[in-house]
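Undergrad: To start, I am sharing the structure in question, which I have written as structure tokens.
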Amino acid sequence: MSRHAVEITDLTKTFGGRRKLFGRQASEVRAVRGISLALERGETLGIVGESGSGKSTLARMLAGLERPSSGIMLIDGKPWEQLAAKGASAFGRTIQYVFQDPVASLNPRKTIDEILDVPLRLLCGYDHTRRASRKKELLDAVQMPLGTLERFPHEFSGGQAQRIAIARALAAEASILILDEPVSALDVSVQAQVLLLLQQLRDDLGLTYLFISHDLAVVESISDRVAVMYLGEIVEAGPAARLFAEPQHDYTRTLIASAPRLAIRKPHEPA
Ligand code: ADP
Ligand code: MG
């Protein structure tokens with residue numbers, strides 16, 4: 001087994017440019033411009049950068065939602081094409097994606113029972129009895145009561161809905177989670193609770209996270225290592241503590257200088 005959960009080499013994604021739009025050449029957007037990075041098993045890599053820097057495009061390529069224009073993506077040591085060729089079930093049992101807006105990411109017409117049922121049925125192929133017991137375990141893991149199952153997404157707060165979305169992402173027992181601004185839509189006090197839950201789940205289940213946020217404090221609180229993205233490139237990467245204490249790149253310094261003083265700390269750090 002490869003030491004790395006994910007290994008990316010010179011990955012690029014360019015949108016548009018080829019087709020003509022209303023008779024004019026649509027301009028190209030080079031959203032991701034030659035990124036290389038690796039995630040060790042059990043590691044949390046934070047990706048930070050302002051809006052439009054290409055964070056979601058990178059995440060969507062990793063999650064199989066967007067095709068790279070060029071470059072290599074290895075997942076568990078194998079090319080992603082090989083995993084994708086095995087079908088959605090193999091992909092979904094390896095990598096899951098958690099979106100920013102939890103309520104919008106849950107189908108409003110389905111109960112939570114039906115929402116959690118989908119991956120257990122389609123990705124895992126579990127029978128009714130096994131699905132029922134897994135749903136209980138999943139709600140337990142995200143600290144939601146069993147009564148959650150009969151309810152609809154709109155009946156929950158943002159923080160509760162994100163817990164449910166996390167339960168859904170855990171359903172297929174994927175070991176790699178792509179978390180794209182998972183707490184950005186939540187109130188600050190709720191953010192801290194969801195971050196704590198994500199840390200517990202990672203440690204209990206040995207998960208590997210790619211954790212994306214435009215918020216430095218949030219990224220610092222959860223990441224082992226951090227990569228800073230700017231205009232589709234990684235301009236700086238390193239251990240979280242070092243990167244924030246001794247930023248090397250001008251852009252990182254600007255980001256840190258413009259961020260509000262870090263309010264969220266790791267549990268072992270004094271307030
Ligand atoms: P971030 O998540 O850091 O805010 P994105 O990856 O969403 O950045 O976007 C990076 C750039 O790519 C932006 O200029 C955005 O407008 C562009 N982009 C993203 N998705 C598409 C798309 N489907 N079609 C065209 N341009 C896109
Ligand atoms: Mg984004």
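The values are calculated or read from the model by the stated rules, or taken from the named source; none is laboratory data. In this text the structure is predicted, and so the values were computed from the model without any measurement. Note that we place each Cβ from the backbone using ideal geometry, even for glycine, and neighbour counts take in every protein chain shown. For the accessible areas, the whole protein counts, side chains as well, though only heavy atoms, and no ligand, DNA or RNA atoms are used. Shrake-Rupley method; radii C 1.70, N 1.55, O 1.52, S 1.80 Å.
Undergrad: Lys55 is checked against (1) touching a His at 6+ places or on another chain (Cβ under 9 Å); (2) open to solvent by 20 Å² or more (accessible area, probe 1.4 Å) and fails just one. What number does that condition carry?
TA: (2)
Undergrad: Just the residues that are within 13 Å of the chain's Cα centre (by Cα) and within 8 Å of ligand 1 (Cβ to nearest atom), please, taken from the stretch 59-85.
TA: Ala59, Arg60
Undergrad: Considering each of Val142, Val228 in turn, give the residue that is within 20 Å of Arg60 (Cβ to Cβ), within 21 Å of the chain's Cα centre (by Cα) and either among the aliphatic types (A, V, I, L, M) or at pLDDT below 95 (or both).
TA: Val228
Undergrad: Taking the stretch 136-160 on its own, how many of its residues are touching a Lys or Arg at 6+ places or on another chain (Cβ under 9 Å), open to solvent by less than 80 Å² (accessible area, probe 1.4 Å) and not in a helix (DSSP H, G or I)?
TA: 4
Undergrad: Could you pull out the residue among Ser89, Ser56 that is at pLDDT below 95 and either within 16 Å of ligand 1 (Cβ to nearest atom) or assigned to a helix (DSSP H, G or I) (or both)?
TA: Only one candidate qualifies: Ser89.
Undergrad: Quick test of your reading of the structure: Asp180 fulfils all but one of (1) open to solvent by 50 Å² or more (accessible area, probe 1.4 Å); (2) within 16 Å of ligand 2 (Cβ to nearest atom); (3) within 24 Å of Val142 (Cα to Cα). Name the failing condition by number.
TA: (1)
Undergrad: Now, a different point. Mind counting the residues in the stretch 17-36 that are within 15 Å of ligand 1 (Cβ to nearest atom) and either modelled with pLDDT of 80 or more or within 30 Å of Leu198 (Cα to Cα) (or both)?
TA: Final tally of qualifying residues: 9.
Undergrad: Examine the stretch 50-63 for a residue that is more than 19 Å from Leu255 (Cβ to Cβ) and either more than 16 Å from ligand 2 (Cβ to nearest atom) or in contact with a Cys (Cβ under 9 Å, 6 or more places away or on another chain) (or both), and state whether such a residue exists.
TA: no
Undergrad: Criterion first (within 16 Å of ligand 2 (Cβ to nearest atom), in a helix (DSSP H, G or I) and open to solvent by less than 10 Å² (accessible area, probe 1.4 Å)) does Val218 satisfy it?
TA: yes
Undergrad: Within the stretch 59-85, restricting attention to residues that are touching a strand residue (DSSP E or B) at 6+ places or on another chain (Cβ under 8 Å) and part of a strand (DSSP E or B), which residue is farthest from Val235 (Cα to Cα)?
TA: Ranking the qualifying residues of the stretch 59-85, first place goes to Pro79.
Undergrad: Could you pull out the residue among Arg121, Arg131, Arg109 that is part of a helix (DSSP H, G or I) and open to solvent by 80 Å² or more (accessible area, probe 1.4 Å)?
TA: Step by step, each of Arg121, Arg131, Arg109 is checked, and only Arg121 is part of a helix (DSSP H, G or I) and open to solvent by 80 Å² or more (accessible area, probe 1.4 Å).
Undergrad: Determine which member of the set Ile166, Ile212 is in a helix (DSSP H, G or I) and crowded, with 20+ Cβ neighbours inside 10 Å.
TA: Result of the check over Ile166, Ile212: Ile166.
To keep it simple, each residue is scored yes or no on (1) away from ligand 1 (no atom under 16 Å from the Cβ); (2) of a type in the set (Asp, Glu); (3) under 25 Å from Gly52 (Cβ atoms).
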| residue | (1), (2), (3) |
| --- | --- |
| Val183 | no, no, yes |
| Gln191 | yes, no, yes |
| Leu195 | yes, no, yes |
| Gln199 | yes, no, no |
| Asp204 | yes, yes, no |
| Ser213 | no, no, yes |
| Ser221 | yes, no, yes |
| Val235 | no, no, yes |
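Undergrad: Within the stretch 221-256, which residues are open to solvent by 70 Å² or more (accessible area, probe 1.4 Å) and not in a loop (DSSP other than H, G, I, E, B)?
TA: Arg225, Tyr230, Glu233, Ala241, Arg242, Ala245, Asp250, Arg253, Thr254
Undergrad: Here is a follow-up. Considering each of Ala63, Ala104 in turn, give the residue that is open to solvent by 70 Å² or more (accessible area, probe 1.4 Å) and modelled with pLDDT under 95.
TA: On inspection, the qualifying residue turns out to be Ala104.
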